[in-house]
Amino acid sequence: MAHAQLLPGDPARIGRYRLTARLGAGGMGVVYLGAAKDGSPVAVKVLRPELAENPEFRARFSREVATLTRVKGMCTVKVIEADTQAQRPFLVTEYIDGPSLADYIEEQGALGPEMLYGLATGLAEALAAIHAVGVVHRDLKPSNVLLTGGGPKVIDFGIAQAGDATVLTGTGMTVGSIGFMAPEQIMGQAVPASDIFSWAVTIA
């Protein structure tokens, strides 16, 4: 799996991890390939520097860390370490050396029946684990699914919502990805069934 080189201004280290490449970037954070002291690879998500001084974005990042830490599933990434109080808040998870579902389909075309069945059941297991702890992912889509030999892994809990969490988005505000959202989510009311709608669209 090819990785983008570090860009000027990217940190060389975060915490005790040496950063070696960029894996991707979103609206809130940048994800790097990192190396632990023993050389083992990890994924390090770092809050963007221009957002690190913004209390609201720090709260959102902290919520993502807390949410992901709650979820214990075979088809979700495992949290290794996090520091939401650092100058540049970061989250370290296991590194998944596999393409996203979106990239795989773009390069290889549609999945065959056996692989599609494995994808469908793996994502269902992930959603069951997510919903079991009272969390709604709210952004299940092909680019947030990584493919591995052991099954799919759901990533990016940046807009996930725990049922007992303080709401950081306004009532009725649409949060998610157009084309994968259930009607009620478009109206700003995401529930576990909304994730199942996104599961069906992703499989389709």
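The values are calculated or read from the model by the stated rules, or taken from the named source; none is laboratory data. From a predicted model like this one, the values you see are computed outputs, not experimental measurements. Cβ sites come from the backbone with ideal geometry, for glycine too, and all protein chains shown count toward neighbours. Areas reflect the complete protein model, heavy atoms only, side chains present, ligands, DNA and RNA absent. Shrake-Rupley method; radii C 1.70, N 1.55, O 1.52, S 1.80 Å.
What is the sum of charges, Lys and Arg at +1 and Asp and Glu at -1, for the other residues whose Cβ falls under 13 Å from the Cβ of residue 147?
Spelling it out: positives minus negatives among the neighbours equals -3.
Sort region 1-103 into rounded, prolate or oblate with this rule: let a ≥ b ≥ c be the square roots of the eigenvalues of the Cα gyration tensor; rounded if a/c is under 1.5, and if a/c is not under 1.5, prolate when a/b is larger than b/c, oblate otherwise.
rounded
Taking only complete DSSP H runs, can you tell me which helices of the chain stretch 18 Å or more along their own long axis by Cα positions and average at least 0.0 on the Kyte-Doolittle scale?
Those that pass (Cα extent of 18 Å or more, hydropathy at least 0.0) are 113-132.
Among 76, 67, 20, which one shows the biggest mean-square fluctuation in a GNM of the chain, springs joining Cα atoms closer than 10 Å?
Comparing 76, 67, 20 in the GNM, the peak value goes to 20.
So which residue, out of 81, 114, 64, gets the largest mean-square fluctuation from a GNM of the chain using Cα contacts under 10 Å as springs?
114
With a 1.4 Å probe and all protein chains left in place, how much accessible area per residue does region 3-102 have, in Å²?
49 Å²
Give me the percent of accessible area attributable to carbon and sulfur for region 42-146, probe 1.4 angstrom.
Carbon-and-sulfur percentage of accessible area, whole number: 55.
Provide the net charge surrounding residue 29, with neighbours chosen by a C-beta distance below 9 Å and charges set as Lys +1, Arg +1, Asp -1, Glu -1.
+1
Which longest uninterrupted range of the chain lacks any trypsin sites (Lys or Arg not before Pro) assigned by DSSP to a loop state (not H, G, I, E or B) and surrounded by at most 16 other Cβ atoms within 10 Å?
The longest such stretch corresponds to 79-204.
Using 0.36 nm times the number of residues separating residue 52 and residue 110, minus their current alpha carbon distance, what extension gain do you get?
Working it through step by step, the gained length comes to 16.9 nm.
Would you mind telling me which residue in 108, 189, 161 has the biggest mean-square fluctuation in a Gaussian network model of the chain, where springs connect alpha carbons within a distance under 10 angstrom?
108
Let me have the 222 nm mean residue ellipticity of the chain computed from DSSP H runs of 4+ only, each contributing -39500 (n - 2.57), with the sum over all residues rounded to the nearest 500.
-9000 deg cm²/dmol
Give me the dipole magnitude in Debye, nearest 20, for the chain about the Cα centre, with unit charges on the beta carbon: positive for Lys and Arg, negative for Asp and Glu.
The calculated dipole for the chain is roughly 540 debye.
R0 = 35 Å: FRET efficiency of residue 88 with residue 187, Cβ-based, nearest 0.05?
Between residue 88 and residue 187 the formula returns 0.50.
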